[in-house]
């Protein structure tokens with residue numbers, strides 16, 4: 001199966017006052033194959049959303065490469081960039097903020113059809129109705145404004161807008177966090193149905209979340225970010241069955257277990273997440289790590305492949 005997205009040594013640093021540098025994304029590499037769901041998890045402020053904006057070229061990187069369907073996203077111009085924009089779409093975290101409050105649903109979803117010359121204006125209404133039906137909304141929604149819709153309906157409109165240009169990969173940046181739990185389940189089921197697509201064509205996702213249970217349910221591959229770096233990536237079932245990095249181990253220990261009779265020990269991390277401006281020397285995680293030893297505070301571990309496509313950045317596996 002071919003890679004639809006390939007990220008190589010991606011970096012995004014923000015200069016601050018006083019000569020300090022915030023390392024939001026620091027040497028990140030991964031790939032996503034056609035039809036795969038790549039789950040990305042980590043604490044708030046670890047660089048997940050910055051990475052999403054870099055993939056969509058809403059931000060330009062300071063180093064590294066991004067390839068979408070073998071096209072260079074960073075260097076693309078003109079027709080190539082337009083092709084990338086159609087193939088790569090995003091679903092934002094807040095469905096209300098990502099919709100223009102002055103535009104009706106028919107205009108919000110239909111705009112991309114007009115701009116990309118996918119359908120003539122005479123067919124826009126019918127095409128938008130088809131898209132709305134695909135995401136579980138009826139024609140009554142067509143002429144409503146965002147404030148007249150519920151949170152779940154607004155997110156479905158955002159998904160319909162993303163699907164309007166027939167993308168091959170969607171970056172979903174915390175698409176559930178602003179929704180009620182009951183609505184979250186509906187959106188998860190919708191995304192799974194859309195992934196299979198029409199005629200057997202599968203849609204790929206980069207699914208960003210802080211919810212480990214959602215990542216476990218949805219994704220084929222999972223990666224864990226910490227202070228701008230990927231510290232572990234693996235097929236999802238293997239990562240949840242046997243985490244290799246102590247940070248992943250601690251995160252999974254905090255997930256509530258449905259079996260009350262099964263004893264589980266939670267790993268309590270020391271201190272707070274360090275500032276991405278003042279990252280500790282050596283392994284960035286070592287001040288909080290329950291398994292640190294001699295080289296951890298001096299040497300930076302590399303993201304090394306272990307076996308079966310698993311990669312981990314930890315001195316325990318170097």
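A short reminder: the numbers here are calculations on the coordinates, not readings from a lab. None of these values were measured; they are calculated from a predicted model. Here the Cβ is made from the backbone with ideal geometry for all residues, glycine too, and neighbour counts use every protein chain on show.
Compute a Gaussian network model of the chain, connecting alpha carbons closer than 10 Å, and tell me which residue from 302, 74, 171 fluctuates the most. Maximum among the listed residues: 302. Comparing mean-square fluctuations of 23, 125, 294 from a GNM of the chain with C-alpha springs under 10 Å, the top value falls on 294.
For the stretch 66-219, calculate the relative contact order in percent as a whole number, restricting contacts to Cα pairs under 8 Å that are 6 or more residues apart.
The value is 27 percent.
Packing order of peptides 59-66, 3-10, highest average first: 3-10, 59-66 (average count of other Cβ atoms within 10 Å over each peptide's residues).
The GNM of the chain, with springs linking C-alpha atoms under 10 angstrom apart, assigns the highest mean-square fluctuation among 80, 50, 141 to 80.
With both residues required to sit in the stretch 171-314, DSSP beta bridges show an antiparallel share near 75%. Just to verify a number: FRET efficiency for residue 297 and residue 177, C-beta to C-beta distance, R0 = 35 Å, to 0.05? FRET efficiency, residue 297 to residue 177: 0.55. Using only the C-alpha atoms, the convex hull of the stretch 24-143 corresponds to 151 Å³ per residue.
Relative contact order, whole percent, for the chain stands at 20, derived from Cα pairs under 8 Å and 6 or more residues apart. DSSP finds beta bridges in the stretch 3-317, and of those with both partners inside it, around 60 percent are antiparallel.
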